[in-house]
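Taking it in order: structure first as structure tokens, then the write-up.
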Amino acid sequence: MKKLLALLFSVFLLNSPSVFADDISDFQIEGMSIGDSLLDYMTEDEIFEEIKFTKDNYYYLNEPNKYTEVYLRKEFPVYKAGLSVFFKNNSSNKYVTNKNEKYKIVFIRGRINYVEDFSSCTIKRDEIVKVLSEMFPNIEKQEAVLVHPLDPSGNSIIDDITFNFNSGDELRASCSDWEEVFRNKNNYTEGLSIAIQSKEIGNWLSDY
């Protein structure tokens, strides 16, 4: 049975009070799980329309087109700023994976905006991390403040806390803080994100 991973006020709700997970395949964010097909949530036309907006987002990576990001641009019950997911490309069709794994989701991120309110974001993030730490007392946790490679000024950061499962999968709770001129120029938002990601895409995102 899937376990519900959802931020509601300051609490993560799961359908079991005791969780002993070695990967993130059993978790859901707004009903979505790693391994689902994106076609269960969007039509193919909607997917291709979203790709127009995201196709160049990861140009700074060594393999920028290995995966594709798609936004589900609607207000969810918990993640008011929407969700984003990744699926894998292949060489024969730039945005479609093989027939047996078409649009297979390998990353899910829920977002809540805290625009120009980084302090409130980190407070909420730390509340969530406290709950997760109690749920996963034996899972390694890493904290890091990262300079975002998209901003050449070096003044945009991601304050990140990651739970590293033995499988290599990760659960991340992060606050983004863009340099304001850069954010406004690019019409970006900023705030809290909660993400579940497979090992494969974690390796790809860190390869730049």
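The values are calculated or read from the model by the stated rules, or taken from the named source; none is laboratory data. The shown structure was predicted, so the numbers you read here are calculated from the model rather than taken from an experiment. Neighbour counts run over all protein chains shown; Cβ positions are idealised from the backbone, glycine included.
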Legend entry - Any chance LYS124 is under 30 Å from GLU46 (Cα atoms) and either modelled with pLDDT under 90 or surrounded by 14 or more Cβ atoms within 10 Å (Cβ to Cβ) (or both): no
Inset, instruction - For region 183-208, enumerate the residues that are free of Cβ contacts under 8 Å to residues at least 60 places away in the same chain, under 15 Å from PHE118 (Cβ atoms) and in contact with a Ser or Thr (Cβ under 8 Å, 6 or more places away or on another chain). - result: ARG183
